[in-house]
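Structure record follows, encoded as structure tokens.
Where a number appears in this text, it was derived from the coordinates with a stated rule and is not lab data. Just so we're clear, the structure is a prediction, and the values are computed from it rather than from any experiment. Virtual Cβ from ideal backbone geometry, glycine too; neighbours counted across all protein chains shown.
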Amino acid sequence: MRCKVSASPSPYVDWTRNAEPIQPGDRYIIQADGLLIPDVNDGDDGVYTCRALVLQTGQLESRNIHVEVNTIMNRNLFESFKYSKKVLMLVFMTLTSNRKKMSNWLKQLTH
């Protein structure tokens, strides 16, 4: 998720999920311009808030990002469909922990 913040003086930026502070660690990676969630799963649904505070002035701004995660665990669901080159399908999913297998499978679907 991107949250580009600029102010003078530079703001302190933090994130919350469902009003609970997000701590950087294995689950979340806080970046200079956003929040990265590796291996997204159903439990990551929620309202994420990017907050920017200019300590010297006390000015606080925040933006909410509503996230809904849709995961598909069963490849057979897609195998029942016929694909056409006229159809462009963008799918965000957790298919497998092996990203190479997922990438190869998605390439097969679009050819």
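At the listed q of 0.14, 0.18 Å⁻¹, the Debye profile of region 12-67, built from one uniform point per Cα, gives log10 I(q)/I(0) equal to -0.38, -0.61.
Note down the net charge around N70, summing +1 for each Lys or Arg and -1 for each Asp or Glu among other residues with Cβ under 13 Å from its Cβ. Write out the running numbers ahead of the final one.
Details: positive: none; negative: D42, D44, D45, E68.
Counting the neighbours of N70, the net charge comes to -4.
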